[in-house]
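Take a look at the structure below.
The values are calculated or read from the model by the stated rules, or taken from the named source; none is laboratory data. All figures in this text were calculated on a predicted structure; none of them were measured in a lab. Using ideal geometry, Cβ is built from the backbone for each residue, glycine included, and neighbour counts are taken over all protein chains shown. To get the accessible areas, we keep the full protein, side chains included, count just its heavy atoms, and leave off ligands, DNA and RNA. Shrake-Rupley method; radii C 1.70, N 1.55, O 1.52, S 1.80 Å.
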Amino acid sequence: MSDHYAVIGNPIAHSKSPQIHAAFARQTGQRMDYGRILGSLEDFAGDVRAFVADGGRGLNVTVPFKQEAWALLADRSERAAAAGAVNTILVLDDGRLRGDNTDGIGLVRDLRDNHGFDFTRQRVLLLGAGGAARGVLGALLEAGPAALTIANRTPAKALALAQGVAATAVDGCGLDDLAGRAFDLIINATSSGLDGEVPALPHGLLAADAWVYDLVYGDAPTPFCRWGEAQGAARALDGLGMLVEQAAESFRLWRGVRPDTAPVIAMLRGAAASR
Ligand code: ATR
């Protein structure tokens, strides 16, 4: 009998996770299936319980349930605890649940391993101070940049997030406060793209050869990637690679095998290009 996994979110029909995990399972010869669950906005905990009662072995958690999953699970990895969000649930052999978060490592692996970005001596700007920004902050700091600035439309939230970090080269500010500064990597962790918008940023923030990275992705370049290109970015990357990398880390936690991500990223890019 094959082990059962799923992604839970609301909405969920658009999720690429089933396709990604099916490709990983084929590639590694793992006997598993992976479905999608439209989670109830009123009873997320009940949906998780029902999945486990049916013999489910693991869940990916997506919008809008990551914080709720964090609150539901007492047993969390250190990185999930710090992120305040859980995107991966493991059902242990004794039936207990453990929460982890693979979003941050997914982002860093895509930038560093897939694209060759070297974080050392780099000045990184993280835009946004909500759940998505908190989810990637720890892994970004571990990647070892020279400095990390968190900037947000509501400055107080960026300041609070920066103050919660026990590292010296981290600061928080509002978007206007960025004027006159330059960065080697700018990461968009705001939800502005959902409204087709870009954060209101001063011009000239990109150092020579700077990269921009949008946590979200689409079939066409995202508004933030287009902004980066217009500002002269050397590379403008969307979050498709991060999506596959966070999935690969979840897969490794569940199955003990790390799949090769490159062919899966290529498959998804190819599918998007042919639409
Ligand atoms: P998520 O889980 O996607 O991070 P969130 O916790 O609601 O969602 O946070 C959304 C983030 O995007 C916030 O940092 C928000 O800024 P505010 O704190 O000022 O609300 C940011 N955001 C959303 N729309 C934006 C826009 N049009 N311009 C700039 N920032 C935006």
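Would you check if residue 107 is part of a strand (DSSP E or B) and among the aliphatic types (A, V, I, L, M)? In short, no. Which members of region 91-111 meet the condition of being open to solvent by 30 Å² or more (accessible area, probe 1.4 Å) and either touching a Gly at 6+ places or on another chain (Cβ under 9 Å) or not small (Gly, Ala, Ser) (or both)? Selection gives 92, 93, 94, 96, 97, 98, 105, 109. Only one of the numbered conditions (1) within 16 Å of the ligand (Cβ to nearest atom); (2) modelled with pLDDT under 95 is not met by residue 274, and that is (1).
Restricting attention to region 136-175, the residues that are open to solvent by 30 Å² or more (accessible area, probe 1.4 Å) and either part of a strand (DSSP E or B) or hydroxyl-bearing (Ser, Thr, Tyr) (or both) add up to 4.
Is at least one residue of region 43-58 within 29 Å of residue 143 (Cβ to Cβ) and not assigned by TED's automatic domain parsing to the domain that holds residue 134?
Looking for residues that are within 29 Å of residue 143 (Cβ to Cβ) and not assigned by TED's automatic domain parsing to the domain that holds residue 134, one finds at least one in region 43-58, hence yes.
Among residues that are within 15 Å of the ligand (Cβ to nearest atom) and either outside the structural domain of residue 144 (by TED's automatic domain parsing) or of a type in the set (A, V, I, L, M, F, W, C) (or both), residue 200 is included. Entry remark, region 135-155: residues being within 22 Å of residue 200 (Cα to Cα) and near the ligand (Cβ under 9 Å from one of its atoms) number 4 in total.
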